[in-house]
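These notes are about the structure you will find just below.
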């Protein structure tokens, strides 16, 4: 596979912590971008010739999909043994976990979630991309509780009027025509899977149940299922529409969005054509060659340059302040002895806390002191009768003579976690407790004081910003740091 011939070691760019789930054709791991300290998800796929078609299909789909409710691809890294998809990390768990731990969704909550899912699927279908693996385990949530559609391992492009024949792995979410082994319209089968998903999350049970797979398949083919008494009439009618056996009678995503039960969700799709000058300034301060960065973005290489740009920009869109103070030489952050990171539903410990403009508090990302100067990364702290479904109804060498600070603008709100989250934590790597003592020896105290003074200068500059964002833009990117007058 030579679509992205980048064989640079993964560990030189990311610090991989531990697995957090499984997706189609690969496992998913939590990692940190070494230069910025931003968490990402890495899908690891074996580079096997028999799976190459699916891998390329997923990569092409992820490269085209730029929607706020779809997991964002940052970088593709290829080695002879594995292929790595570095994507946005969704710390809020998945929909299957939520229903399993908290019970079925109330209809008001289900309306919001389902509306965002429909928005993401409509965006895919408008680009003639079908997901083909829609299930609660593939519906993730960001730190704000917004939907993030994930795992496009079975996604494919399909022109209108073309029938597909590839059988998908989650049989209980397959449409009748898929169970029968017939050619199928991918968009219509996505609608069926959405019907099964909506039924499951609003009732807490699967619509098609049985003691054997044969019994379950018979119920799918005949469209036999029960509607619990607590389901409202509007929700019942919507489920019946989606779980219609005849493909030609199934509604489209546009039809579903007009249903009175569905919450109308405003689609705010960010532009991918305009470059963010603040992110480019930050990359320049980090030592990247701007010509190389612009070339990578123009050619959509999804390499280290483009990946770093996208990661920083996505962090800015989540309204999280981001600060990097660069040393005279650009080096990756050495995390040293890293404390174990525990994955706690619905959030991940160690992630930057939510920030409000009225509370400008900041903290240092955990780093282990060492003898070499490092960049400092700052981040902001009952049943009804059975119904038939047929019923109507990289880093260049650039040096800077002084420390500089660059802050990204805050933008709009933001792989990923799959159905089963491992509780395993990576133990702390063995560190040398004498590192701090060596740093504080009398012979090194001068260097240490200078470092602290620079950090205080950065903090002072940050804390002096007013609440008006418009007046902050120019000072944020001034490479000169004013001296701090110490009192007392």
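Modelled spin labels at residue 205 and residue 66, positioned 7 Å past Cα toward Cβ, are 4.6 nm from each other. Packing order of peptides 157-170, 12-25, highest average first: 12-25, 157-170 (average count of other Cβ atoms within 10 Å over each peptide's residues).
By per-residue mean of other Cβ atoms within 10 Å, what is the highest-first order of 256-263, 211-218?
On the way: 256-263: 15.9, 211-218: 11.9.
The packing order, highest mean first, is 256-263, 211-218.
Any idea what log10 I(q)/I(0) is at q = 0.15, 0.19 Å⁻¹ for segment 95-257, Debye with uniform C-alpha scatterers and no solvent? Reported log10 I(q)/I(0), two decimals: -0.79, -1.33.
FYI, it's all coordinate maths here, none of it is from the lab. Just so you know, these numbers come straight off a predicted model, no measurement behind them. Note: ideal-geometry Cβ built from the backbone for every residue, glycine included; neighbour counts use all protein chains shown.
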